[in-house]
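Have a look at the structure that comes next, please.
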Amino acid sequence: MFKALRRRYGSAFTINLPIIKKTVVISDPNLVKDLFGTSPDLVGVLDTNLGSMLGPGSSFGLDGEPHLRRRKLLVPPFHGKRMRTYDHIIEEEVMREIATWPEGREFATREPMARVTLNAILRAVFGAEGPALEELRGLLPLAVVLGSRFAMLPRPARRDLGPWKPWSKFLEYRRRYDAVVDSLIADARADPALGERSDVLALLVNARYEDGDVISDEHIADELLTLLTAGHETTATTLAWAVERLRRHPQLLSRLTDEVDAGGSELRHATILEIQRTRPVIDSAVRATKSRIRLGEWVIPKGYTVMVNIPLAHDSEDSFPEAASFNPDRFLGTNPDAGTWVPFGGGVRRCTGAAFAGMEMDVVLRTLLRELHFAPTDAPDERLVSSGVVLAPKHGGRAVVYRRNVKASSAVDSTEVAEREGQRLTTGERGV
């Protein structure tokens with residue numbers, strides 16, 4: 001629909017959308033930069049179900065000065081040297097997961113990737129193992145799936161209609177989550193080594209605003225839930241798209257494997273950028289106008305929503321020549337422009353965990369390529385489908401893998417794997 005509207009009306013148009021109503025949709029990089037650079041006094045958070053479901057202490061629901069104060073506390077755990085402490089956690093989770101993957105048989109990777117990203121973010125956030133984290137491992141996927149459905153519905157759908165109704169189930173998940181996190185916060189406050197811990201929970205408990213105030217326990221719980229949900233499903237879905245894309249580009253897959261064996265990372269970094277460009281898992285970044293604003297040649301009234309449509313921005317021929325092609329080489333030796341490549345949004349509301357997500361995807365792909373051969377496929381591209389908040393591959397990013405003998409990897413190369421896979425396909429064993 002959005003592509004058809006752009007063809008008819010250009011890169012800026014107004015539509016009336018359910019729930020968020022009058023909406024100006026933009027994708028031109030100059031307008032995108034203008035919006036992301038507009039003062040938080042003029043544009044702010046859109047009052048959505050997602051922000052309210054995560055709680056009043058979540059960054060999704062905070063606006064203006066409270067949001068800026070909170071952001072200053074959240075940036076340090078996900079930037080610089082501190083992120084290096086999470087590298088080994090992510091690799092351990094990948095190795096644990098792929099130990100169970102079948103060889104030579106097609107399977108969907110999105111759910112396994114979700115286990116990797118959930119376990120990694122739980123360990124990075126809470127910094128420990130134990131019964132509490134085991135409960136969260138079982139609880140959060142259920143809450144995320146159900147909550148993402150409600151995030152796209154009008155608020156009247158969120159009514160407590162009894163213990164077996166969906167909204168009541170979500171409220172119960174939230175109550176269980178709060179109980180677990182309350183106990184973890186209490187344990188952290190009682191930990192004599194709290195100041196030496198690098199997990200996000202410890203950092204938030206220790207954090208102080210400029211005036212010396214602390215974050216309340218309730219707000220810490222809301223913020224941790226935001227980090228867990230936003231840093232789990234989106235990254236897992238992007239990794240499933242990575243598998244889907246790379247299996248359909250065997251020459252690139254071979255180059256990436258050679259790069260991993262040589263200890264490089266430049267092509268892998270460019271590939272992650274291109275996957276996020278061609279298969280963004282979030283379709284928009286939105287702002288609400290608090291007063292009348294000017295955006296390029298347009299004047300937008302107070303009370304409107306302004307939506308940066310991410311797929312439209314990413315498939316612009318002006319920004320990305322031959323935009324429909326999957327070509328990571330376009331990003332070699334360069335970083336994308338902040339107005340054209342926007343999978344994490346932009347401005348003061350840009351995803352706080354963007355750097356962590358990029359690092360996590362890099363470590364996961366590095367480990368997968370080092371340990372496994374992914375068999376190429378000539379199957380049609382998997383379609384994008386909405387799973388609530390994210391845009392996922394319809395069949396889950398299906399893969400066929402073979403384990404590598406890393407010490408003697410030259411004996412089994414991508415060509416041999418492709419030949420074996422071709423023989424399998426011709427004998428009628430192709431997976432659905």
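We did not get these values from a lab; they are worked out from the coordinates using the rules stated. This structure is a prediction, so every number in the text was calculated from the model and none was measured. As a convention, Cβ positions derive from the backbone with ideal geometry for all residues, glycine included, and neighbour counts pool all protein chains shown.
Return the subset of 22/169; 21/394; 3/394; 33/72; 21/72 for which the Cα-Cα distance in this structure is over 27 Å, preserving the input order.
Values: 22/169 32 Å; 21/394 29 Å; 3/394 20 Å; 33/72 22 Å; 21/72 32 Å.
Checking Cα-Cα distances, 22/169; 21/394; 21/72 exceed 27 Å.
Among rounded, prolate and oblate, which fits the stretch 205-361 when a ≥ b ≥ c are the square roots of the eigenvalues of its C-alpha gyration tensor, a/c under 1.5 means rounded, and a/b larger than b/c means prolate? Could you put the intermediate results ahead of the total?
Details: a/c = 2.44, a/b = 1.32, b/c = 1.85.
Oblate is the answer for the stretch 205-361, as a/c is 1.5 or above yet b/c matches or exceeds a/b.
Same structure, new question: Rounded to the nearest 5, what is the percent of antiparallel bridges among the DSSP beta bridges in the chain?
Working: 24 of 29 bridges.
Close to 85 percent.
Hey, another quick one. Would you pull out the residues with amide H under 5 Å of residue 12's amide H, same chain only if 5 or more places away, H placed 1.01 Å from N?
Placed amide hydrogens put nothing under 5 Å from residue 12.
In nanometres, what is the gap between the two model label sites at residue 96 and residue 7, each 7 Å from Cα along Cα-to-Cβ?
Reported label-point gap for residue 96 and residue 7 is 4.8 nm.
Hey, what number do you get for the chain at 222 nm if only DSSP H runs of n ≥ 4 count, each worth -39500 (n - 2.57), divided across all residues, to the nearest 500?
Working: 16 runs with 209 residues, N = 432.
It comes out at -15500 deg cm²/dmol, rounded to the nearest 500.
Something else about it: Label residue 348 and residue 84 with points 7 Å out from Cα along Cα→Cβ: what is the distance between them in nm?
In this crude label model, residue 348 to residue 84 measures out at 3.3 nm.
Would you mind computing, in nm to one decimal, how far apart the modelled labels at residue 211 and residue 139 are, each placed 7 Å from Cα along Cα→Cβ?
Here the answer is 3.2 nm between the modelled labels.
Something else: How large is the Kirkwood hydrodynamic radius of the stretch 258-323, in angstrom, based on all distinct alpha carbon pairs?
Details: mean 1/r = 0.0678 Å⁻¹.
One decimal place: 14.7 Å for the Kirkwood radius.
Under 1.5 on a/c is rounded, so check that first for the stretch 169-273, then, if it is not, pick prolate when a/b is larger than b/c and oblate when it is not; a ≥ b ≥ c are the square roots of the alpha carbon gyration tensor eigenvalues.
Prolate is the answer for the stretch 169-273, as a/c is 1.5 or above and a/b outweighs b/c.
Something else about it: Which of rounded, prolate or oblate describes the stretch 41-110 when judged by the alpha-carbon gyration tensor and an a/c cut-off of 1.5?
Details: a/c = 4.13, a/b = 1.87, b/c = 2.21.
Taking the square roots of the gyration eigenvalues as a ≥ b ≥ c, the stretch 41-110 is oblate.
Can you pull out the GluC sites (Glu not before Pro) in the stretch 187-256 whose DSSP state is coil and whose Cβ has at most 10 other Cβ atoms within 10 Å? Intermediate values should be presented prior to the final figure.
Details: sites: 196, 210, 218, 223, 233, 244; in loops: 210.
Passing both the DSSP loop test and the Cβ count: 210.
Now for a separate question. Between the stretch 318-346 and the stretch 355-380, how far is it from one alpha carbon centroid to the other, in angstrom?
Each part reduced to its Cα centre gives a spacing of 20 Å.
Between the alpha-carbon centers of the stretch 234-297 and the stretch 72-103, tell me the distance in whole angstrom.
18 Å
Among 239, 250, 298, which residue has its Cα furthest toward the positive end of the charge dipole of the chain, with +1 on Lys/Arg Cβ and -1 on Asp/Glu Cβ?
298
On to the next question. Dipole of the chain, Cα-centred, from +1 at each Lys and Arg C-beta and -1 at each Asp and Glu C-beta, to the nearest 20 debye?
Details: 58 positive and 58 negative charges, 290 e Å.
Charge dipole, the chain, about its Cα centre: 1400 debye, nearest 20.
Put +1 on the Cβ of each Lys and Arg and -1 on the Cβ of each Asp and Glu in the chain; which of 132, 55, 365 then has its Cα farthest toward the positive end of the dipole?
The residue sitting farthest along the positive end of the dipole is 55.
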